[in-house]
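The values are calculated or read from the model by the stated rules, or taken from the named source; none is laboratory data. Keep in mind it's a predicted model, so treat the numbers as computed, not measured. Counting neighbours? That spans all protein chains shown, and the Cβs are built from the backbone with ideal geometry, glycine included. Just so you know, the surface numbers come from the protein's heavy atoms only, side chains and all, with ligands and any DNA or RNA stripped out. Shrake-Rupley method; radii C 1.70, N 1.55, O 1.52, S 1.80 Å.
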Number of protein chains: 2
Amino acid sequence: MTIESSLESNRVQELDDLLTELKPKILSYIDQADPKSSQYNLKSLGTYHPPSFLKKELTQESNLDQPCNQKELFKVIDKVLQFSVNTWNPGFLDKLYASNNPIGVVSDILLSVLNTNSHVYTVSPVLSVIENHIGKKYAKLFFKQEKCGGLTFSGGSWSNITSLQVARSLKYPDTKVKGNQNYKFAIYSSVHCHYSVVKAAILLGIGSENVFKVDVDENGVMDVDHLIAVIDETIKQGYTPLYLNSTAGTTVFGSYDPFTKLHEICQKYNIHHHIDGSWGGNVIFSNKYKDRLEGCQFADSITVNPHKMLGVPTTCSFLLLPNVDNFQVAMSLQAPYLFHGREEDNDDGENYDLADGTMGCGRRADSFKFYLAWLYYGTKGFESRIDHAFEIKQYFIDKILSNGDFELVGPKQPQCLQVCFYYNPNKLANNTETTRFISRELHKLGKYLVDFSPNPVNDSKGEFFRVVFNSPILTDKVIDNLIDSIINIGKHL
Amino acid sequence: MTIESSLESNRVQELDDLLTELKPKILSYIDQADPKSSQYNLKSLGTYHPPSFLKKELTQESNLDQPCNQKELFKVIDKVLQFSVNTWNPGFLDKLYASNNPIGVVSDILLSVLNTNSHVYTVSPVLSVIENHIGKKYAKLFFKQEKCGGLTFSGGSWSNITSLQVARSLKYPDTKVKGNQNYKFAIYSSVHCHYSVVKAAILLGIGSENVFKVDVDENGVMDVDHLIAVIDETIKQGYTPLYLNSTAGTTVFGSYDPFTKLHEICQKYNIHHHIDGSWGGNVIFSNKYKDRLEGCQFADSITVNPHKMLGVPTTCSFLLLPNVDNFQVAMSLQAPYLFHGREEDNDDGENYDLADGTMGCGRRADSFKFYLAWLYYGTKGFESRIDHAFEIKQYFIDKILSNGDFELVGPKQPQCLQVCFYYNPNKLANNTETTRFISRELHKLGKYLVDFSPNPVNDSKGEFFRVVFNSPILTDKVIDNLIDSIINIGKHL
């Protein structure tokens with residue numbers, strides 16, 4: 001008797017064949033998006049299609065019942081590539097991340113081949129050691145403490161959510177066993193914070209109305225005096241101040257809150273001070289721009305995402321703590337069937353059963369992508385990436401301000417890599433229609449994908465453009481073309 | 001003036017070069033782990049090294065300050081491959097997942113190249129449509145409702161955590177705004193449930209002591225009478241029954257709870273019935289074994305992980321709901337700067353701004369890996385994968401039971417793909433030392449990685465083996481060799 005499966009019976013050959021077919025498709029996909037290439041396709045960014053159209057295109061031929069052959073498979077893959085937004089195109093300026101890059105693809109392939117679950121050391125010796133190592137290196141850029149370190153979570157929101165759990169567990173350890181009970185916890189954040197702060201409050205059973213929003217000044221920076229007033233008022237109402245979320249690089253304006261002053265307030269009121277640096281935290285790599293983070297060394301936790309400003313493939317988000325042991329203090333249950341607590345697995349006193357310090361179990365080792373990128377580019381490379389992006393942003397600002405039809409929204413000196421502005425050649429009172437029309441036309445041309453936003457503090461002037469400059473392939477030529485395109489479309493208003 | 005960065009200035013050539021160097025390394029890595037290959041390396045699974053050793057090996061040469069050249073890069077990559085557990089080896093029997101496979105690697109490469117953030121439709125048209133489509137297809141295997149569907153979360157724990165949030169939000173909508181307040185929520189689960197149920201209770205501010213553990217019978221199946229008694233007792237104590245977690249394929253014994261009966265109880269007491277099918281839910285693809293899920297169609301939510309039984313690369317976990325709209329009901333805040341609520345983006349009435357139905361923001365489209373695997377293998381392929389695994393498991397059971405030194409632990413007829421057993425040639429009263437010794441020796445030989453566990457319901461006989469048969473490359477020969485290896489090592493006790 002022989003028990004054998006026909007699946008995966010010739011894995012090496014099968015993978016070799018698939019990769020041989022796939023590789024030229026991928027290279028050509030990237031090449032088409034490169035303005036310097038002879039293969040450059042002006043529309044390679046991709047244009048808009050509604051969901052019903054894509055559903056038809058992508059699913060009409062796929063019969064999930066029976067296996068498909070290689071030809072049918074690649075027909076679907078071709079369509080996936082054809083209709084996706086090609087983020088390698090310099091016109092992708094819509095979100096707080098950019099394209100992948102060659103070393104990023106390599107790291108994803110290695111993670112895929114290893115198929116390591118970085119939850120316990122036994123099955124993840126290498127990737128767990130690397131995460132511990134690189135988490136410490138990363139944390140030491142921000143903190144002074146010898147025991148500082150970090151772990152990855154699947155996006156900045158999950159890092160922020162975890163930081164709130166760390167705060168509650170460390171300040172009020174009984175909540176781990178007994179729940180929120182009669183604590184009436186208050187959370188503070190500016191009106192410009194990311195929505196994950198409110199979602200964290202909902203998830204942790206604290207409730208959205210117990211997130212108290214603090215005013216910002218004209219630059220989108222948290223108003224410290226108003227924060228103190230809000231805290232005092234909540235205390236008067238019987239709340240227990242728990243957690244302040246400040247932001248390093250807000251979502252809309254890219255502003256940085258005043259961390260040193262906020263630290264002092266948090267000390268005074270026994271509040272956990274979390275910095276959400278998902279977007280702007282990585283200026284730590286630039287000697288020119290790291291001063292924006294002044295005071296971050298006093299924080300109780302920091303979220304920072306290599307998948308945004310550093311070009312590491314999505315997702316890669318770290319939560320950093322001054323004492324890495326506190327991941328376990330806040331999260332561990334010591335489930336005996338998984339965490340065997342073998343002494344030889346932490347022979348240097350560190351925890352390598354990483355899931356024990358999270359609310360999760362199975363994990364993809366996103367930290368490895370960051371490690372390999374850091375190794376490949378070096379601190380110097382990250383620095384030059386960031387400095388280039390800031391230079392491009394400034395070039396854009398200078399250029400639009402020389403044209404009277406553009407107007408900056410928010411800070412006069414944006415602190416991060418996005419620029420918010422109106423384009424209003426017809427001097428309308430409300431810009432929403434103009435902004436949306438131009439955004440769509442840019443997309444229709446397959447040239448640029450840019451975001452638009454209502455003002456996080458309502459004003460009557462309507463929605464504005466938010467354009468993010470965050471890729472090494474951006475040049476002054478691309479910027480010139482972007483501005484010309486906006487002006488040209490504006491003529492058809 | 002020209003503003004240009006030297007980074008990513010020749011992306012296509014750079015990626016081409018890296019892939020050219022990487023591909024043979026990967027193919028050889030897989031080839032070495034294949035017993036049928038002439039390149040088969042008996043120790044390719046990898047042997048144990050302590051963290052301090054690996055930290056030295058992996059980080060001594062890496063200077064993160066300056067960039068490294070391609071030669072230095074591949075020196076590190078070689079070490080990562082050399083010291084990692086090679087999951088392509090049939091000896092990897094330790095956890096509830098197996099190796100990746102060729103189509104899995106292809107899907108990871110595509111996700112990496114696309115670098116799509118599947119949070120909003122604008123930037124993720126294709127992958128969002130695919131997730132909606134495949135989530136519905138998947139959900140329809142379990143549920144009868146027309147509106148059923150699913151979303152991915154980064155692992156079974158996060159799907160389970162989300163299901164508890166869905167439960168609380170749907171049953172007690174005021175909690176979203178006001179928090180847990182004075183609700184004294186009770187959660188129920190068997191003593192054999194995964195630890196994520198307790199972690200979910202902690203994270204949601206309910207507290208670990210408010211998870212009430214229900215007894216199991218000798219097969220590890222939840223005791224329905226005891227559940228009723230526990231619920232009644234908690235009601236007497238003033239609790240509000242909120243959520244029952246039942247399990248389809250428990251972590252240790254692989255048991256299935258009686259879903260139909262549990263549904264009736266949940267109906268009676270107004271309890272949200274969640275099925276954690278992270279591990280065992282995918283028997284839905286097998287006509288022979290899907291009867292284990294009888295009654296799952298009445299559940300209020302189901303977690304099921306293609307990255308476990310179906311061989312999709314880690315991580316890929318779905319939370320399925322009878323009404324997909326309830327993801328947004330439970331989670332949405334409608335953050336206006338991200339979710340623009342454009343009518344053309346849901347022209348078929350579905351939500352394609354997927355993050356709006358989660359507690360996160362940025363997302364990697366894990367669903368695409370499942371879609372491509374399903375397309376490639378077909379339902380028939382998944383079915384044959386599962387049926388083969390069950391056949392292998394039964395072969396192992398029959399074989400060890402013909403030897404008086406082996407003894408099954410837990411159910412006499414294990415319902416899923418793992419087998420728990422003692423090997424006790426010396427008839428000792430406590431097996432812990434024997435189990436640990438043999439496990440380590442198997443690992444030292446680089447032949448097999450198997451897990452061990454204390455009984456989730458304490459008994460005095462000590463720790464036992466838990467071995468998982470979940471890969472198409474397992475054959476009766478591998479099983480024979482595994483048993484011989486255990487017996488041989490046992491001789492040295």
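Summary table below
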quantity: Cβ nearest the rotation axis (A onto B), residue from chain A and distance to the nearest whole Å; calculated: A:GLY205, 1
quantity: Listed residue pairs exceeding 26 Å between alpha carbons, taken from A:LYS144/A:LYS308; A:LYS147/A:LYS369; B:LYS137/B:LYS393; calculated: B:LYS137/B:LYS393
quantity: Potential lengthening between A:GLN394 and A:GLU218 on full extension [0.36 nm per residue; Cα-Cα distance subtracted]; calculated: 61.4 nm
quantity: 3J(HN,Hα) from dihedral phi, the stretch A:277-283, Karplus parametrisation 6.51/-1.76/1.60, rounded to Hz, x for glycine, proline; calculated: x, 3, 8, x, x, 6, 5
quantity: Nearest-10 value in Å² for the accessible area of B:LYS444, using the 1.4 Å probe; calculated: 120
quantity: Bridge type composition, the protein assembly as shown - antiparallel percent by DSSP, nearest 5; calculated: 50
quantity: Kirkwood Rh and Cα Rg combined as Rg/Rh, the stretch A:118-374; calculated: 0.96
quantity: Residues with amide H under 5 Å from that of B:LEU151, placed H, sequence gap 5 or more; calculated: B:LEU319
quantity: Unit Cα scatterers, Debye sum, the stretch A:83-207: log10 I(q)/I(0) for q = 0.12, 0.13, 0.17 Å⁻¹; calculated: -0.74, -0.85, -1.19
quantity: Greater than 27 Å apart at Cα, pairs in B:LYS290/B:LYS399; A:LYS199/A:LYS380; B:LYS213/B:LYS288; A:LYS25/A:LYS447; calculated: A:LYS199/A:LYS380; B:LYS213/B:LYS288
quantity: Pseudo-label separations to other copies for B:LEU493 - Cα-to-Cβ vector, 7 Å, nm; calculated: 8.3
quantity: Solvent accessible area, Å² - B:THR116, 1.4 Å probe, full protein context; calculated: 10
quantity: Net charge, A:ILE109 excluded, C-beta distance under 12 Å - Lys, Arg +1, Asp, Glu -1; calculated: +1
quantity: Teacher prompt: B:GLU218 distances to equivalent labels in other copies, 7 Å Cα→Cβ, nm; calculated: 8.1
quantity: Angstrom value of the Kirkwood radius, inverse mean 1/r, which spans all Cα pairs in chain A; calculated: 24.7
quantity: Copies compared at B:LEU428 - label distances in nm, ascending, label defined 7 Å from Cα in the Cβ direction; calculated: 8.0
quantity: Test item: Cα-centred dipole of the protein assembly as shown, Lys/Arg +1 and Asp/Glu -1 on Cβ, debye; calculated: 180
quantity: Gain upon complete extension [B:LYS25, B:ALA429; 0.36 nm per residue less C-alpha separation]; calculated: 140.7 nm
quantity: B:ASN403 versus A:ASN182: modelled label distance in nm, points set 7 Å from Cα along the beta carbon direction; calculated: 6.2
quantity: B:GLN70/A:GLN82 FRET efficiency (R0 35 Å; Cβ-Cβ; nearest 0.05); calculated: 0.65
quantity: Å² per residue, accessible surface of chain B at 1.4 Å; calculated: 32
quantity: Solvent-accessible ranking of B:VAL191, B:VAL467, largest area first, probe 1.4 Å; calculated: B:VAL191, B:VAL467
quantity: For the stretch A:225-265 versus the stretch B:382-444, the gap between their alpha-carbon centres in whole angstrom; calculated: 56
quantity: 5 angstrom amide H check on B:THR240, placed H, neighbours 5+ away; calculated: B:LYS184, B:PHE185, B:ALA186
quantity: Prolate/oblate/rounded call for the stretch B:6-135, Cα gyration tensor, a/c under 1.5 rounded; calculated: oblate
quantity: For chain B, size of Cβ-based charge dipole, Lys and Arg +1, Asp and Glu -1, in debye; calculated: 760
quantity: Two-decimal ratio, the protein assembly as shown, of alpha-carbon radius of gyration to 2.2 N^0.38 Å; calculated: 0.90
quantity: Spatially proximal lysines relative to A:LYS427 (Cα-Cα < 19 Å; intrachain offsets below 8 disregarded); calculated: A:LYS461, A:LYS491
quantity: Area of B:GLU57 that stays accessible when all protein chains are in place (1.4 Å probe, Å², to 10); calculated: 50
quantity: Accessible-area composition of the stretch B:355-493, carbon plus sulfur, in percent [1.4 Å probe]; calculated: 51
quantity: Cβ-based charge dipole, the stretch B:117-374, positive-most Cα from B:TYR138, B:VAL177, B:CYS361; calculated: B:CYS361
quantity: Net charge of Cβ neighbours under 12 Å - reference A:PRO313; Lys, Arg +1; Asp, Glu -1; calculated: +1
quantity: Lys/Arg +1, Asp/Glu -1 at C-beta; the protein assembly as shown dipole; positive extreme among A:ASN101, A:ALA201, A:VAL467; calculated: A:ALA201
quantity: Dipole magnitude (debye, nearest 20) for the stretch B:20-89, charges at Cβ of Lys, Arg, Asp, Glu; calculated: 160
quantity: Residue-count net charge about A:ALA229 - beta-carbon cut-off 13 Å; Lys, Arg +1, Asp, Glu -1; calculated: -3
quantity: Buried accessible area, chains B and A (both chains, 1.4 Å probe, Å² to nearest 100); calculated: 16300
quantity: Spin-label pair A:LEU42/A:LYS268, simplified geometry with 7 Å Cα→Cβ offset, distance in nm; calculated: 6.0
